[in-house]
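Colleague: Okay, here's the structure, questions in a sec.
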Amino acid sequence: MDKAIEIILEYAKELVKQKVTGVGDCISIRQGDYVYISKKDVSLENLNETDIMKTSLNNADDVKGEYALHKMIYLSKEDISAICHCHPAWVNPIAECKLKIPSVADDMTQIVGRDCKTCENEPKAIEKSLQKRNSTLIYGDGCITTGRSMNEAYTCVLVLDKAAHCYVGSSVLKPNVLINPFEAILMNVVYKMKYSKKNQENLHNEEGN
């Protein structure tokens, strides 16, 4: 079995295990000039080897819809090797209300950034929202996270779900205590440049990219 397919199947199981999946989930990984991507109409829980497509980044007309969206994101962000389009339970209502998740926890600030905004459910809007961030909420369609490895994209989904849970819960119980925007940016930069760089390089190599 191709290494990329193994990785997708492995992380599909982990996403299901962590209960951050829903209808229309789709995950992919880039290896060189090719993208391996799960079929959007097959749940991650039931995903198997035959449900993973391989397509070339150089062919613009061989895929449509979700698959074309992933290719567009890869072509616009050369530093990423994985994408998770998932529908975590706590993220969905925030995306439905077109809100953003602010910096409510240190791990979100480090991994996601100072916030995660909701964009319109349209390819160009999604591409623009991801230009300076590794994740975005999508109006009516969960969230997309990107990463230098599948592990990083997967971790970002978990962190977003946790942050969304904190945001919704504390909004009901008491006002959110947010991290200062400048500190949030600094924490994110330091994390990416210092703490996660070597780890992501190792994961990147393990995933065969």
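Colleague: Which ones in the stretch 121-142 are among the small types (G, A, S) and within 20 Å of L158 (Cα to Cα)?
Modeller: Just the residues of the stretch 121-142 that are among the small types (G, A, S), to begin with: 125, 129, 135, 140, 142.
Matches in the stretch 121-142: S129, S135, G140, G142.
Colleague: Could you identify the single residue in E78, E127, E66 that is surrounded by fewer than 22 Cβ atoms within 10 Å (Cβ to Cβ) and part of a loop (DSSP other than H, G, I, E, B)? First the steps, then the outcome.
Modeller: Details: E127 fails: part of a loop (DSSP other than H, G, I, E, B); E66 fails: part of a loop (DSSP other than H, G, I, E, B).
On inspection, the qualifying residue turns out to be E78.
Colleague: To continue, here is another question. Within the stretch 147-157, can one find any residue that is touching a strand residue (DSSP E or B) at 6+ places or on another chain (Cβ under 7 Å), buried (at least 21 other Cβ atoms within 10 Å of the Cβ) and not in a helix (DSSP H, G or I)?
Modeller: Looking through the stretch 147-157, at least one residue is touching a strand residue (DSSP E or B) at 6+ places or on another chain (Cβ under 7 Å), buried (at least 21 other Cβ atoms within 10 Å of the Cβ) and not in a helix (DSSP H, G or I).
Colleague: K17 versus (1) surrounded by 17 or more Cβ atoms within 10 Å (Cβ to Cβ); (2) at pLDDT 95 or above; (3) not aliphatic (A, V, I, L, M): which is the lone unmet condition?
Modeller: (1)
Colleague: If you don't mind, there's one more thing I want to ask. Does the stretch 20-54 hold any residues that are buried (at least 18 other Cβ atoms within 10 Å of the Cβ) and either more than 21 Å from S81 (Cα to Cα) or hydrophobic (A, V, I, L, M, F, W, C) (or both), and which are they?
Modeller: Within the stretch 20-54, V20, C26, I27, I29, V35, I37, L44, L47, I52 qualify.
Colleague: Starting from residues that are more than 26 Å from P93 (Cα to Cα) and among the hydrophobic types (A, V, I, L, M, F, W, C), keep the ones in the stretch 18-36 and report whichever is farthest from the chain's Cα centre (by Cα). Quick ask: steps written out before the conclusion?
Modeller: The first filter runs over the stretch 18-36 and keeps only residues more than 26 Å from P93 (Cα to Cα), leaving 29-36.
Among the residues that remain, those that are also among the hydrophobic types (A, V, I, L, M, F, W, C) are: 29, 35.
On the way: I29: 11, V35: 16 Å.
The selected residue is V35.
Colleague: Sticking with this one: One residue is enough: does the stretch 90-99 have a residue meeting the conditions over 18 Å from D141 (Cα atoms) and either out of contact with any Gly (no Cβ under 6 Å at 6 or more places or on another chain) or outside any loop (DSSP other than H, G, I, E, B) (or both)? Spell out how you get there, then give the answer.
Modeller: Of all residues in the stretch 90-99, those over 18 Å from D141 (Cα atoms) come to none.
No, there is no match, as no residue in the stretch 90-99 is over 18 Å from D141 (Cα atoms) and either out of contact with any Gly (no Cβ under 6 Å at 6 or more places or on another chain) or outside any loop (DSSP other than H, G, I, E, B) (or both).
Colleague: Still on this structure, I have one more. As an exercise: evaluate A163 against (1) over 25 Å from M53 (Cβ atoms); (2) in contact with a Pro (Cβ under 8 Å, 6 or more places away or on another chain); (3) among the aliphatic types (A, V, I, L, M) and give the number of the one condition it does not meet.
Modeller: (2)
Colleague: Kindly indicate the residue of the stretch 1-17 that is among the aliphatic types (A, V, I, L, M) and over 16 Å from E152 (Cα atoms) and also farthest from the chain's Cα centre (by Cα) among those meeting that condition. Before the answer, list the steps.
Modeller: Narrowing the stretch 1-17 to residues among the aliphatic types (A, V, I, L, M): 1, 4-5, 7-9, 12, 15-16.
Restricting the remaining residues to those that are over 16 Å from E152 (Cα atoms) gives 1, 5, 16.
Values: M1: 25, I5: 18, V16: 15 Å.
Only one residue tops the list, namely M1.
Colleague: Only one residue in K77, K54 is out of contact with any helix residue (DSSP H, G or I) (no Cβ under 6 Å at 6 or more places or on another chain), modelled with pLDDT under 95 and within 21 Å of I138 (Cβ to Cβ). Which one? Write out each step before concluding.
Modeller: Working: K54 fails: within 21 Å of I138 (Cβ to Cβ).
Answer to the check: K77.
The values are calculated or read from the model by the stated rules, or taken from the named source; none is laboratory data. Just so it is clear, the structure is predicted and the values come from calculations on it, not from any experiment. Counting neighbours? That spans all protein chains shown, and the Cβs are built from the backbone with ideal geometry, glycine included.
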